Amino acid sequence: MKNSFLIFLFLLPTFLLGQNQMIQVLAAARKKPAPPDSVTLTITFSTPPTTASSEFAKIKYNKHGVFNLEVDDNQTECLEMESILLNYSFSDGAGLNHKYTAATAVNGYNFIGNEIGNHLGLGMQYADYSILINGGWDVMNHTNRHVDLINNNGINIIGYTEDLLVLNELYYNKIGYVMNCFVVPETFTGFVPYADDLGFLVSSSSGSNSYKPAVPPYVAVGQVSNIEHPDSALVQLKRGFLHYWAVDSQVNSVIHHFKSMVDASSELDNRFYRVGTHASQWDSAAFHGFVDTLNILSADRIWFTTAREWMEYRHTANDVVKQDTLFGNSMIISLSYDDIRNDFRWKDICLNISSDATIFNVSFTGSADSISYNPATGLINIYKQNLIFDSHLLKQ
Ligand SMILES: [Zn+2]
């Protein structure tokens with residue numbers, strides 16, 4: 001997707017140099033755009049409009065539904081999944097196509113204290129992550145050690161906060177990436193309030209979630225409108241689970257839920273469905289067939305993305321300050337990103353223009369990467385991705 005060349009240049013030194021050298025190399029670039037971080041769009045109409053206004057799309061690209069796939073525990077099969085997903089894309093509604101993506105949920109160390117990213121055979125190696133991140137994948141925090149920390153009659157003696165932060169710091173130092181979405185290990189939901197305090201956007205689990213009401217309440221299809229307002233902190237997103245790829249009935253069950261989500265989704269009623277997996281009994285032909293079926297069922301109406309990109313879009317569309325000014329046959333839209341958090345990767349915005357005049361041209365100035373637009377529907381996509389983070393911490 002966007003910035004892939006930049007990402008490659010950015011990540012390459014990470015693997016060639018030691019940790020301290022890497023920080024020096026990246027220090028000059030590791031800055032959020034200084035205020036004002038803003039974009040100005042100029043929309044030129046064929047004739048002077050009587051009315052013209054803009055509104056943020058509820059779902060990116062005006063898709064009707066959302067699908068997330070999450071692969072837990074540093075599974076090396078992610079690399080093959082990524083190469084298969086590269087064969088599939090959806091349109092942005094304005095002439096560009098985006099590949100299907102997924103997320104990998106990672107731990108730092110295994111049960112006997114070995115650093116997974118440094119030990120071949122224990123899971124994905126640090127160098128592998130640039131492939132996934134370049135492919136638009138997200139990396140999610142699955143806790144440093146994948147163990148429950150409740151001990152001593154429920155007293156948190158080791159530190160949930162520390163376990164989450166140590167992992168964020170490790171991956172920031174090794175691959176330069178900041179994780180802001182969390183996958184609950186096993187059923188250890190004691191982590192969730194601490195993830196909320198740290199500013200994680202999502203707690204993802206197929207199990208029980210006692211901290212806040214989970215959405216959807218069951219593991220199947222959810223309504224986007226049931227997710228709390230983005231001003232609230234962490235969202236507990238439920239997901240189904242696909243254990244064995246070699247078992248047709250399990251794959252078909254996920255396809256069945258996906259189809260239910262597609263059937264229930266419309267322009268006005270956006271639905272979502274999410275699924276996790278360990279890639280156990282891995283069967284690449286089964287995965288290929290699975291994605292093929294999902295692609296046909298979605299008919300370009302589903303946003304095949306990560307929880308992170310989805311949630312960051314919700315927050316960005318809520319927090320960007322927008323001002324429309326009509327001026328002759330033009331409309332100027334100014335967007336201020338000053339309130340957007342430093343840890344956000346996707347700061348893309350999709351706007352729907354309503355007017356009695358026809359759009360002739362759209363141009364932009366400011367800190368966006370690029371734009372695409374569709375004069376027939378009035379959709380404008382403003383692309384703005386960030387992969388240069390200030391630190392491993394969230395909520396800065
Ligand atoms: Zn796990």
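No lab work stands behind these numbers, since they all come straight from the coordinates. Remember, it's a predicted structure, so these values are computed and weren't measured experimentally. A quick note on method: Cβ atoms are made from the backbone with ideal geometry, for glycine too, and the neighbour counts reach across all protein chains shown.
See the values below:
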quantity	calculated
Cα-based radius of gyration of segment 256-366 once divided by 2.2 N^0.38 Å, which approximates compact folds	1.46
Mean Kyte hydropathy of 0.5 or more with a Cα span along the axis of at least 15 Å, helices from DSSP in the chain	4-16, 284-298
Karplus-derived HN-Hα couplings along segment 49-59 (A = 6.51, B = -1.76, C = 1.60, θ = phi - 60°), whole Hz, x at Gly and Pro	x, 7, 10, 7, 8, 10, 9, 5, 5, 5, 10
Segment 65-138: chymotrypsin sites (Phe, Trp or Tyr not before Pro) falling in loop per DSSP and having at most 13 other Cβ within 10 Å	Phe111
13 Å beta-carbon shell around Trp245, net charge (K/R +1, D/E -1)	-4
Listed residue pairs exceeding 30 Å between alpha carbons, taken from Lys63/Lys238; Lys63/Lys174; Lys58/Lys99	Lys63/Lys174
Beta bridges by DSSP in segment 66-313, antiparallel share as percent, to the nearest 5	20
Built amide H within the under 5 Å cut-off of Phe241, gap 5+	Gly276
Estimated dipole of the chain in Debye, rounded to 20 [Cβ of Lys and Arg +1, of Asp and Glu -1, Cα centre]	460
Whole-number D in µm²/s for the chain (Stokes-Einstein; Kirkwood sum over Cα pairs; 4 °C, 1.567 mPa s)	59
Interchain or long-range residues, amide H under 5 Å from Ala57's placed H	Cys350, Leu351, Asn352
Net charge, Glu55 excluded, C-beta distance under 15 Å - Lys, Arg +1, Asp, Glu -1	+2
Whole-number percent relative contact order across the chain, with pairs defined as alpha carbons under 8 Å at least 6 apart	29
Residue exposure sequence - Ile380, Ile255 - by fewest surrounding Cβ within 10 Å	Ile255, Ile380
Per-selection Rg to Rh, segment 203-252 - Cα, Kirkwood hydrodynamic radius	1.07
